[in-house]
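The values are calculated or read from the model by the stated rules, or taken from the named source; none is laboratory data. Since we're looking at a predicted model, the values are computed, not measured. Backbone-built Cβ (ideal geometry, glycine too); neighbour counts: all protein chains shown. Quick note on the areas: whole protein, heavy atoms, side chains included, nothing else; ligands and nucleic acids left out. Shrake-Rupley method; radii C 1.70, N 1.55, O 1.52, S 1.80 Å.
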Protein chains: 2
Amino acid sequence: MLLEAIEHRPKMNWAYTVDKETIHLRIRTKKSDVERIFVIGGDKYAWDRTKEEIPMRVFASDELFDYWECEAKPPYRRLKYGFKLESGSETVWMNEDGFHHTERTSSDDFYEIAYINPEDIIKTPEWAKNAVFYQIFPERFANGDPSRDPENVQPWGGKPEVDSFFGGDLEGVRQHLDYIADLGINAIYFTPIFEAPSNHKYDTQDYLKLDPHFGDIDTLKQLIEECHGRGIRVLLDAVFNHSGKTFKPFVDVKENGADSAYADWFHVREFPIEVKDGIPSYETFSFEPNMPKFNTGHPEVKKYLLEAARYWIGEVGFDGWRLDVADEVDHRFWREFQTVVKEANPEAYIVGELWHEATPWLQGDQFDSAMNYPFTYAVRDFVALGKTDARKFAYSLSKQLARYPLPVSQAAFNLLDSHDTERILTVAGGDKNKLKLAVTIQMTYPGTPCVYYGDEIGIDGGADPDCRKCMEWDESKQDRDLHEFYKTAIGLRHEYAALRTGRFDVLHAEEGGHTLAYRREDEESTLIVALNASDKPQTVEIDANGGSEKTTAEAWSV
Amino acid sequence: MLLEAIEHRPKMNWAYTVDKETIHLRIRTKKSDVERIFVIGGDKYAWDRTKEEIPMRVFASDELFDYWECEAKPPYRRLKYGFKLESGSETVWMNEDGFHHTERTSSDDFYEIAYINPEDIIKTPEWAKNAVFYQIFPERFANGDPSRDPENVQPWGGKPEVDSFFGGDLEGVRQHLDYIADLGINAIYFTPIFEAPSNHKYDTQDYLKLDPHFGDIDTLKQLIEECHGRGIRVLLDAVFNHSGKTFKPFVDVKENGADSAYADWFHVREFPIEVKDGIPSYETFSFEPNMPKFNTGHPEVKKYLLEAARYWIGEVGFDGWRLDVADEVDHRFWREFQTVVKEANPEAYIVGELWHEATPWLQGDQFDSAMNYPFTYAVRDFVALGKTDARKFAYSLSKQLARYPLPVSQAAFNLLDSHDTERILTVAGGDKNKLKLAVTIQMTYPGTPCVYYGDEIGIDGGADPDCRKCMEWDESKQDRDLHEFYKTAIGLRHEYAALRTGRFDVLHAEEGGHTLAYRREDEESTLIVALNASDKPQTVEIDANGGSEKTTAEAWSV
């Protein structure tokens, strides 16, 4: 056995609790190097009568490693545990103090979950695990109230520029809720709607005020009420990393420098604030002078932003937050944020914009999940660009599943594109079969899928601002076949819980080729998804019954 | 290169920030497998003009791995980074997305510290890094006020039983501060002093009241004042995991069951609370019915305990907390606890009783350090019991150093024994040379040493209650030679900052033998510690000048 490859992390993402009785344990070994692993676990205060051996199973594999897991239900909510690894005639025991070639008589050196505290359980909202999201960029979805149009509004459907306005608003969204519901959507994610000068509203002017071009608070409350009436939850975007240039405290600091009452609200390196050689004398998002970074350690800043966090959930009725540039804000702020938000609504869903490894935010104390861009890029490379083979794609998915606790993976925000990327259809060179294949994966994979508005009727678009085109409401200009496909795929996801929260097992992932098959399975049903990302028909043999009899295999071709 | 062995964890303990400018980065490789490693780092928004290569160095090694580290000081407090690993003609680039055999042109897939937020910096109190602690079990240190003796007090110096009282008190401690200061001690750790029926006081009756047998609040405040006047800090022990059986809310629950106003203060599985076949119907420490576990998620419990946490620091003047059974309490509670305590005193030192891998508590958000029992057992096995060779001992120390951020290692609570273990002299079979060797290691190793009262004059003792004997104040019965040795060792630690916060490098660790040498070094001085844990004289050649010229090598023999 290659001992150097064997890895376990006590607590953190490889030993965590999911309810008052249940611990998930994971371990990593060199690929195909170990045949069987057992957890040896028990209560440290009653070792002899509670000790048990629990078999583990491989739940994911990548280029280098196998990842194993099992569940433990210790009778007194305490677990001391070690691992017994078997390969051929070799048996190795692994405890916290290292490897042993004989079994230890004492559990002193074992790993430990000292107690399953309810406060430390990793749980994510059930509704989010069962949601199919629709992302709306409000300025571009529908113009329902032309009286609220900004000055210089462009004709609907024109070419979007960085600073153009087309007059989209919340009343427009309200008027199209039938359309959204008909597609099978049960959750909407709105990019920001707070008062802000830009069309995208990521440069907030007032965190407690709706942008008047989008509507008034009554329109918003009515919209949310109508959404809830249809079983549609509503997620809101916010930028707590930085404000916009018209945010009053920042304006005050610009004007009054160190004498401003808000001087400590930002990270100012030197007063007066200015920009020298393109470098602001204060911290900003990137080097953008108009996006000054908040000092989120300052009590007044925290009070202001956390009040906003509470207000839109607790009083206006939103069901959660998507957090812009979440990785540049401190962890302490996010922990307080989570406390405030979950107090306002224990079922609120918190999604961070985190493009990278997100483990430090996903231990149950900060976010429920992250924008799953690693998923986005894996699907693009495999399906849309053909850059990776099925094997590498499967490895990439497995690596992601191994990284996060199960409740986090089940609520991962799985998107194919967004207002921050090229549209998936454009990445696929306009090939709608590729788009359909990508959507098939998205709708049959663990995690919360999100459809970017208009993808479902064939809207294309390159990088920002081109990916922010106006929604097309003329049905004759919509791709209705594609729309039908989306409805079917989303419908299938709603029909089978196994596609949402069932186990995920790769059955086949062709090396150097493009055929992939995986199984989703729960107690109710088993579904096999078989995909061919090449242009040509392919025949693949799959051992579909691997260990399971209760099968409803479903053939479904794109 | 063995890729399976290479490991890096973004954020967490292997990529953390220590001040507003500085990031520590670490990576693990198979032992002796890689010759050079460079961090390739830069600002993601200004990659081309900030990109740099930073060489790493091996700072620790164990049986299987080398651990490398370096420091990065990104100009704009943001760091994207990857690793370049070289061995012979082989070069491998490791980024977040895996391994590559050519350099990546883009930093998109690199690891990232998105921003050095001041709130996330890992810092531990400077005074703790420079402290030598003395642990006092108040009931057994000195009887300064016989009027406060409990009933049935035993004659001082008698054999301790589980429930015996000898009349030690705080006035007794106060009277011996000269003795303590003379030894070189600059910090005292008191086991609990809150009102409680037992002699050890781990079964708290009232968290806001001093035990009357130990003194009144004025004696305590005077004691703390006198300590502070001598530059001695004072650490207090508390049990926030469970209360004692006489704690009023628990008494109320026992009497009134589900109707008690305190019914939710504990984790009751079934009312009325009772014990069946040795298993309480409520959660406890171990299966001990008289130590009911707090529901630390309950707002009133939190309020009560956090008020205690604040009161003893903010109003009475203690300098920190040692937290009993810290691993069985939830992380959310500890985070709030840290906030409250550091608000009361930003320099407060928080030490958890954690016998195992403590990373989940030592990320800067909960504790400053942990009782370093892994150190205790490593020293015992090598020095006192001769169970491990010098090589294995060095590996064990290295493993621990690799586990924790540097500021945490520098404040690790390094003890040789305590009220919970056999005394080190007894473990060493009464061999005082072995004891001296153990103390030499303790006083020359990174982390905060703690002397258990009486060890310095030769008190021995087996497991509890024998390790809790009365302090011997008759000088003729004290081992004055040993006492002198302690003074010298402690004095040496105070004299050379390098012994406290300097680098630690193993120079020699004999395989199958007992000779060990290591270097402690900072900008001021270099010290070589050479140890022989065998009975016989040994000659060892050491390359003492490895890379350094500024040496004050000091010969010091035990």
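Using 0.36 nm per residue, how much length does the chain from B:ASP464 to B:ARG49 gain when fully extended, once their Cα-Cα distance is taken away?
Gain in length upon complete extension: 143.1 nm.
Report the accessible surface area buried between chains B and A, summing both sides, using a 1.4 Å probe on protein heavy atoms only, in Å² rounded to the nearest 100.
Buried area between the two chains comes out at roughly 5300 Å².
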Table column - 3J(HN,Hα) (Hz), the stretch A:43-60, Karplus curve with 6.51, -1.76, 1.60, x for Gly and Pro
7, 5, 8, 8, 4, 5, 8, 10, 4, 9, 10, 10, x, 9, 10, 6, 10, 7
Shortest-first distances to equivalent copies, position A:SER89, nm, label 7 Å out along Cβ
3.9
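Considering every residue in A:61-70, what mean count of other chain Cβ atoms within 10 Å of its Cβ is obtained?
Working: counts 0, 1, 4, 6, 1, 0, 0, 0, 0, 0.
Mean partner-chain Cβ count within 10 Å for A:61-70: 1.
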Heavy-atom accessible area per residue of the stretch B:229-342, all protein chains kept, 1.4 Å probe, expressed in Å², is 37
Among A:VAL325, A:VAL251, what's the order by accessible area (1.4 angstrom probe), most exposed first?
A:VAL251, A:VAL325
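Determine, from the Cβ-Cβ distance of B:ASP206 and B:GLU495 and an R0 of 30 Å, the FRET efficiency 1/(1 + (r/R0)^6), rounded to the nearest 0.05.
0.10
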Which whole-angstrom value gives the distance between the alpha carbon centres of the stretch A:485-516 and the stretch B:146-169?
72
So how exposed is B:TYR262, as accessible area in Å² (1.4 Å probe, rounded to 10)?
80
For the stretch A:150-232, listing GluC sites (Glu not before Pro) in a DSSP loop whose Cβ sees at most 15 other Cβ atoms within 10 Å gives A:GLU151, A:GLU161
Cα-Cα over 19 Å: which of B:LYS248/B:LYS293; B:LYS201/B:LYS248; B:LYS30/B:LYS392; A:LYS31/B:LYS30; B:LYS84/B:LYS123; A:LYS392/A:LYS487?
B:LYS84/B:LYS123; A:LYS392/A:LYS487
Cα shape, the stretch A:1-130, gyration tensor, a/c 1.5 rule:
oblate
Ordering B:LYS221, B:LYS44 from largest to smallest accessible area (1.4 angstrom probe), what's the sequence?
B:LYS221, B:LYS44
When only Cα pairs under 8 Å and 6 or more residues apart are kept, what is the percent relative contact order across chain B?
12
Quick one: Karplus J couplings for the stretch A:70-82, per residue in order, coefficients 6.51, -1.76, 1.60, θ = phi - 60°, nearest Hz, x for Gly and Pro?
7, 10, 10, 10, x, x, 10, 6, 10, 9, 9, 8, x
Mind checking the full-extension length gain between B:GLU226 and B:TYR304? Use 0.36 nm per residue of separation minus the Cα-Cα distance, one decimal, nm.
25.2 nm
Which value, in Å² rounded to 10, gives the accessible area of A:ILE54 with a 1.4 Å probe and all protein chains present?
20
Shielding by partners, peptide B:353-364 (average Cβ within 10 angstrom, other chains)
4
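Classify the protein assembly as shown as rounded, prolate or oblate, taking a ≥ b ≥ c as the square roots of the eigenvalues of its Cα gyration tensor: rounded when a/c is under 1.5, otherwise prolate if a/b is larger than b/c and oblate if not.
Working: a/c = 1.77, a/b = 1.63, b/c = 1.08.
Prolate, since a/c reaches 1.5 and a/b exceeds b/c.
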Contact order normalised by length for the stretch B:3-120, with contacts defined as Cα pairs under 8 Å and 6 or more residues apart; what percent is it?
26
The stretch B:183-223 to the stretch A:170-189: how many Å between their Cα centroids?
64
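What shape does chain A take by its C-alpha gyration tensor, where a ≥ b ≥ c are the square roots of the eigenvalues and a/c under 1.5 counts as rounded, a/b above b/c as prolate, and the rest as oblate?
oblate
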Assuming R0 = 56 Å, what is the FRET efficiency of A:ASP252 and A:SER534, from their Cβ-Cβ distance, to the nearest 0.05?
0.40
Give me the Kirkwood hydrodynamic radius of the stretch B:263-324 in Å, from all C-alpha pairs, to one decimal place?
13.3
Run the label-point distances for B:GLY386 please: 7 Å along Cα to Cβ, every other copy, nanometres, shortest first.
7.3
Counting only other chains, and only Cβ atoms inside 10 Å, what mean value do you get across the residues of B:96-106?
2
Quote the relative contact order of the stretch A:242-295 in percent (integer), defining contacts as alpha-carbon pairs under 8 Å separated by 6+ residues.
37
Can you return the aspartates and glutamates within cross-link range of A:LYS469? Criterion is Cα-Cα under 15 Å, with same-chain partners fewer than 8 residues away left out.
A:GLU139, A:GLU161, A:ASP163, A:ASP169, A:ASP417, A:ASP420, A:GLU422, A:ASP455, A:GLU456, A:ASP460
Quick one: Cα centre-to-centre distance for the stretch A:272-342 and the stretch B:57-108, in angstrom?
31
Per the rule of 0.36 nm per residue minus the C-alpha distance, extending A:SER106 to A:GLU475 adds in nm 125.7 nm
One decimal, nm, shortest first: give the distances between the label point of A:ASP206 and those of the same position in the other copies, each label point 7 Å from Cα along Cα→Cβ.
5.4
If the limit is 29 Å between Cα atoms, which of A:LYS302/B:LYS20; A:LYS11/A:LYS303; A:LYS44/B:LYS209; A:LYS399/B:LYS399 go over it?
A:LYS11/A:LYS303; A:LYS44/B:LYS209
Please list 3J(HN,Hα) in residue order for the stretch B:247-254, calculated via the Karplus relation 6.51 cos²θ - 1.76 cosθ + 1.60 where θ = phi - 60°; whole Hz, with x for glycine and proline.
5, 3, x, 6, 4, 4, 5, 4
Largest to smallest accessible area among A:THR444, A:THR102 [probe 1.4 Å]:
A:THR102, A:THR444
Accessible-area value, B:GLU336, 1.4 Å probe, nucleic acids and ligands omitted, Å²
70
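Within the accessible area of chain A, what % is carbon and sulfur when the probe is 1.4 Å and the other protein chains stay in place?
46
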